[in-house]
1. Taking interchain pairs and intrachain pairs at least six residues apart, which have beta carbon atoms under 7 angstrom, with the first residue in segment 81-93 and more than 13 Å from Leu29 (Cβ to Cβ) and the second modelled with pLDDT under 95 and open to solvent by 60 Å² or more (accessible area, probe 1.4 Å)?
2. Here are Ser51, Ser45: which of them is under 15 Å from the mean Cα position of the chain (by Cα), modelled with pLDDT under 95, of a type in the set (S, T, N, Q) and under 24 Å from Leu107 (Cβ atoms)?
3. Scan segment 52-102 for residues that are within 11 Å of Asp40 (Cβ to Cβ) and of a type in the set (Ser, Thr, Tyr) and jot them down.
4. Would you say Leu53 is part of a helix (DSSP H, G or I) and surrounded by fewer than 17 Cβ atoms within 10 Å (Cβ to Cβ)?
5. Which of the residues belonging to segment 70-86 are open to solvent by less than 40 Å² (accessible area, probe 1.4 Å) and part of a helix (DSSP H, G or I)?
6. If Leu29 satisfies every condition in (1) surrounded by 14 or more Cβ atoms within 10 Å (Cβ to Cβ); (2) farther than 21 Å from Ile110 by Cα but one, which is the exception?
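The values are calculated or read from the model by the stated rules, or taken from the named source; none is laboratory data. Remember, it's a predicted structure, so these values are computed and weren't measured experimentally. Here the Cβ positions follow ideal geometry from the backbone for every residue, glycine too, while neighbour counts run over all protein chains shown. What goes into the accessible areas is simple: the full protein's heavy atoms, side chains included, and nothing from ligands, DNA or RNA. Shrake-Rupley method; radii C 1.70, N 1.55, O 1.52, S 1.80 Å.
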Amino acid sequence: MTKVRWRRETILDVYNLALGAFLFVAPWLFSYAYGSAKVDDWVSSAIVIASSLAALWAFAEWEEWIGLVVGLWLIASPWMLGFQHAKAMPVNVGAGLLIAFMSALELWLIRYDPAPADRKGSAVT
């Protein structure tokens with residue numbers, strides 16, 4: 001049996017997965033009145049959930065870029081789709097900020113943060 005080795009950034013994908021699930025049920029939790037807000041949340045959540053599951057299964061950097069773009073879309077979508085004065089606006093903006101932040105943080109961690117000694121292949125004494 002092979003041992004699963006988790007990356008240190010994996011927890012961020014789990015958080016994005018949870019946010020995607022929250023976004024999927026948000027139209028029912030907050031009784032959205034606008035159909036465009038419902039569809040936006042369902043489509044966006046499906047993309048976030050799929051990319052988070054893909055990142056958990058086999059990590060690739062493009063999955064984080066997708067999360068960042070979807071997060072930014074969620075921030076802008078209330079104004080672009082015309083539900084800026086609805087209950088859905090703060091939900092979308094809040095979820096979008098969190099998804100974009102976690103995706104950007106993970107991109108930063110894998111590109112710019114120095115790897116711990118155990119990931120560089122050197123022994124710690």
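1. From residues that are more than 13 Å from Leu29 (Cβ to Cβ), the pairs are Phe83/Tyr34; Ala86/Ala33; Ala86/Tyr34.
2. Sole residue among the options that is under 15 Å from the mean Cα position of the chain (by Cα), modelled with pLDDT under 95, of a type in the set (S, T, N, Q) and under 24 Å from Leu107 (Cβ atoms): Ser51.
3. Within segment 52-102, just Ser77 meets the criteria.
4. Considered against the rule, which asks whether it is part of a helix (DSSP H, G or I) and surrounded by fewer than 17 Cβ atoms within 10 Å (Cβ to Cβ), Leu53 comes out as yes.
5. Across segment 70-86, the qualifying residues are Val70, Gly71, Leu74, Ala76, Ser77, Pro78.
6. Among (1) surrounded by 14 or more Cβ atoms within 10 Å (Cβ to Cβ); (2) farther than 21 Å from Ile110 by Cα, the lone unmet condition for Leu29 is (1).
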